[in-house]
Amino acid sequence: MAAQEQQQPQSRDVEAEADAPEAPPAAPEAQASVATQGVDDLLDEIDGVLESNAEEFVRAFVQKGGQ
Amino acid sequence: MTARPEGLPSDKLPVGGAMRVMGSETEYGIHSPSAPGANATMMSARIIQAYANLTRQRAAGGAETRWDYTDEEPLHDARGWTVERSAADPSQLTDRPPVLDAEAVALAYGRQELEADGGDESGSLLMNMVLGNGARLYVDHAHPEYSSPEVTNPRDIVAWDAAGDLVALATVRKVAADPDLPAINLYKNNTDNKSVSYGSHENYLMPRSVPFGDIVRGLTPFFVTRQVICGAGRLGKGQDGSTAGFQISQRADFFEAEVGLETTIRRPIINTRDEPHATADKYRRLHVIIGDANLSQVSNYLKFGTTALVLSLIEAGQAPKIEVHEPVAGLQAISHDTSLTATVRLLDGRRVTALDIQWMYYEAAAKLGQETGVSDSFSGDGHTRDVLERWESTLGLLGSNPAGAASSVEWLAKMSLLDGYRNRDGLEWNDARLGLVDLQWSDVRPEKGLYYRMLSRDRMQTIVDDAAINRAVIEPPSDTRAYFRGKCVSSFGKDVVGASWDSVIFDVPGIGKLQRVPTREPLRGTEALTGQLFRKHATAGAFLRELLGLDPTPPA
């Protein structure tokens, strides 16, 4: 299980550079869509690192009291 | 580096600003997915043991040292009395080493394994270590806890607190590398969302001359509201998290009193535990239990930096003169309102938001910084100005464009991720996947921890760089007694039989009895004062002889 968990997620930083650096400043609408795109990519990556069986995993996380 | 006004003695810090002797404590959530019923105290001991094995490899003679319990006084109340042991909750008796009975140890480890690597010479389990960076790593109740070394400023606390997360990561890797043991995960959070909470504490050194009543009055409105800048965010409301929704603070729902000695039951906004771990007639150590554990460096920085500023206001008699009506209810109402529009009633009748109260404290702190000169960009203390600027800009963003603070304020960062999932997949707040996002946010492994995934995409601002954090895993801060403690452990580990916040105990061949070196002044034992001695001597005997003025070693 340790081995399967230590798999490094694929880096998806490429899309950030896909926009030509020389492009004029994006209009607010375009910026918003780039931001949305960034969130989608982030969520795609996180889908790949989330523990499987969310419900069971969260239910099993039971702690003893602390300070 | 810190600018030191000329003429200031080496054991004094500039007053009026964000510099102060301080430290952090983090209890990590602990879980083994493949062995969900495993005893938490046993697993925590396994974690400490893993680090002992790692440091043994790193430092010849062993960098791990036993904790010395002589000066622990968990039942001393800052209001001036001591609780009878018989009247205390068993969890308050933190001045006795935890004992694992033989049966429990055998259950968790098996005799042979214990003898092979689990125990020290006396056959008992190592539950408590002093590290070469001056920190303490130990089993606290049912969690592994890292207590940072004492530092003098909020930037250093970010580095040495984050170093604890790397220590935790190292232990997780070490356990995972053992094919015979179930892997253990550690989480830097504060609740299991099933009615249990565990703490992340702050400690601040104050002059004992400040009346405790002033501290209570000055801090309570600040503590009720500072969560808007340093809350870590939590899915679910109520102690068991059963009410759907998202709230600002991990800890708010677990607080039930305004002032008190307890830390595990009836938790108070202001904790009165009075263990100075220093010269008791000069200092008090303010033990703060209301904070969330922070992964966001900016939230952590502001948590310590602004609290240090408010303590300076209290010491100067310049804290805002306000009192919140029903602060415990206010704390929870503010935590439950991510729109930041909830109001609390002040005793003078005004209704104000958390941001209003934070601005009152900011204005007072900015004024005091200016009056004392510590916030001056050239002649100031090198920290106060930066804390004030970040505090001001963060409050400004929270008031105008909260989404803009998602790269710095932890609860907003976590909420942005949860909102992303809710929007993309149409999830309700009580969906288990959102619960997993909340939990896994704080996994200490960078490939699994969602905070670290955000960090790697430059979605989180930082205060200190990775190199500084890596250094802080090994090196103690140079400007407090933690330097002396850490250097004793890393240089003379095999001759150090015990250490605590205010002592290091040596057992050196040729020096008859145990030598206990007291370190009761937190700003002594610094590199400036003792670095030369460490560089000069290769053996503990020669070091100690010069330090204590024992019979000089005959010239070689």
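The values are calculated or read from the model by the stated rules, or taken from the named source; none is laboratory data. Predicted model, so just to flag it, every value in this text is computed and none were measured. As a convention, Cβ positions derive from the backbone with ideal geometry for all residues, glycine included, and neighbour counts pool all protein chains shown. The protein model used for the area step is the full one, side chains on, heavy atoms only, and it has no ligands, DNA or RNA in it. Shrake-Rupley method; radii C 1.70, N 1.55, O 1.52, S 1.80 Å.
From the list B:Phe255, B:Phe223, B:Phe304, which one is of a type in the set (A, V, I, L, M, F, W, C) and over 18 Å from the mean Cα position of the chain (by Cα)? Can you show your working first?
Working: B:Phe223 fails: over 18 Å from the mean Cα position of the chain (by Cα); B:Phe304 fails: over 18 Å from the mean Cα position of the chain (by Cα).
Checking each option against the conditions leaves just B:Phe255.
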- Note on the structure: Among (1) open to solvent by less than 60 Å² (accessible area, probe 1.4 Å); (2) within 14 Å of chain A (Cβ to nearest Cβ); (3) more than 22 Å from A:Asp40 (Cβ to Cβ), B:Leu434 falls short only on (3)
- Selection count where residues are in a strand (DSSP E or B) and within 23 Å of B:Val21 (Cβ to Cβ), scope region B:190-222: 8
- B:Arg424 vs (1) free of Cβ contacts under 8 Å to residues at least 40 places away in the same chain; (2) surrounded by 19 or more Cβ atoms within 10 Å (Cβ to Cβ); (3) of a type in the set (Lys, Arg): all pass except (2)
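Can you name every residue in region B:442-455 that is at the interface with chain A (Cβ under 8 Å from one of its Cβ atoms) and either surrounded by fewer than 21 Cβ atoms within 10 Å (Cβ to Cβ) or in a loop (DSSP other than H, G, I, E, B) (or both)? Break it down stepwise before answering.
The initial filter retains those residues of region B:442-455 that are at the interface with chain A (Cβ under 8 Å from one of its Cβ atoms), namely B:445, B:447-448, B:450, B:453-454.
Result: B:Arg445, B:Glu447, B:Lys448.
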- Task: Return the pairs, sorted by first residue and then second, in which the second residue is outside any helix (DSSP H, G or I), the first residue lies in region A:44-60 and is more than 7 Å from every other protein chain (Cβ to nearest Cβ), the beta carbons are less than 8 Å apart, and the residues are 6+ apart or on different chains.
- Result: A:Asp44/A:Arg12; A:Gly48/A:Pro9; A:Gly48/A:Gln10
- Taking region B:265-292 only, how many residues are in a loop (DSSP other than H, G, I, E, B) and either more than 13 Å from chain A (Cβ to nearest Cβ) or surrounded by fewer than 19 Cβ atoms within 10 Å (Cβ to Cβ) (or both)? 13
- Answer with yes or no whether B:Tyr361 is of a type in the set (Phe, Trp, Tyr), open to solvent by less than 10 Å² (accessible area, probe 1.4 Å) and touching a Pro at 6+ places or on another chain (Cβ under 8 Å). yes
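Would you list the strands (runs of 3 or more DSSP E) that sit entirely within region B:480-556 and hold 1 or more residues that are within 27 Å of B:Leu126 (Cα to Cα), open to solvent by 80 Å² or more (accessible area, probe 1.4 Å) and charged (D, E, K, R)?
Here the list reads B:515-518.
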- When every residue in region B:146-183 that is within 14 Å of chain A (Cβ to nearest Cβ) and more than 17 Å from B:Asn53 (Cα to Cα) is compared, the one most open to solvent (accessible area, probe 1.4 Å) is B:Pro182
- For region B:300-315, does any single residue satisfy the condition of being within 14 Å of another protein chain (Cβ to nearest Cβ) and open to solvent by less than 20 Å² (accessible area, probe 1.4 Å)? no
- Message: On the basis of being farther than 27 Å from B:Leu436 by Cα, open to solvent by less than 20 Å² (accessible area, probe 1.4 Å) and more than 13 Å from every other protein chain (Cβ to nearest Cβ), does B:Pro221 make the cut?
- Response: yes
- Which residue pairs have Cβ atoms under 8 Å apart, sit 6 or more places apart or on different chains, and have a first residue in region B:309-325 that is part of a helix (DSSP H, G or I) and a second that is hydroxyl-bearing (Ser, Thr, Tyr)? B:Leu309/B:Tyr361; B:Leu309/B:Thr384; B:Val310/B:Tyr361; B:Leu311/B:Tyr204; B:Leu313/B:Tyr361
